[in-house]
C-alpha cells in the first residue's frame, strides 16, 4: 500500500517528500515481524523528517499491553484475558 501510494520505494525507503503519514497502532502481536514493523516505522520517521515530511504513529492496545508488561511485570491488571483481543 505504501508503495502504491508512492510514499516508499522498492527498498522501503521514504520517497514522498513533505506529506504526512499516520500509522494507526497494533504494530506488535499481529504476526512474527513485530520488531521489523517497529524498525520500519522508526526508520521512516527519520527519513521523512530529513525530507521535511512527517511520519507519526498512534499506540494501539497491543502496544499499551506491551508497555504495561514492561512496566508492571506479571501483576494482574484486573482486566481479564478478554482485554488482549
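The values are calculated or read from the model by the stated rules, or taken from the named source; none is laboratory data. All of these numbers come straight from a predicted model, not from anything done at the bench. Note that each Cβ is placed from the backbone with ideal geometry, even for glycine, and that neighbours are counted across all protein chains shown.
How many of the residues in region 13-31 are crowded, with 16+ Cβ neighbours inside 10 Å, touching a helix residue (DSSP H, G or I) at 6+ places or on another chain (Cβ under 8 Å) and within 15 Å of residue 55 (Cβ to Cβ)?
Matching residues across region 13-31 total 5.
Give the residues of region 43-72 that are within 15 Å of the chain's Cα centre (by Cα) and either part of a loop (DSSP other than H, G, I, E, B) or over 17 Å from residue 12 (Cβ atoms) (or both), sorted by residue number.
Residues satisfying the conditions are 54, 56, 58, 59, 60, 61, 62, 63, 64, 65, 66, 67.
Based on this model, can you work out whether residue 40 counts as in contact with a strand residue (DSSP E or B) (Cβ under 8 Å, 6 or more places away or on another chain), surrounded by 14 or more Cβ atoms within 10 Å (Cβ to Cβ) and either assigned to a loop (DSSP other than H, G, I, E, B) or at pLDDT 95 or above (or both)?
Answer is no for this residue.
Within region 22-37, how many residues turn out to be over 8 Å from the mean Cα position of the chain (by Cα) and either more than 21 Å from residue 61 (Cβ to Cβ) or assigned to a helix (DSSP H, G or I) (or both)?
Matching residues across region 22-37 total 3.
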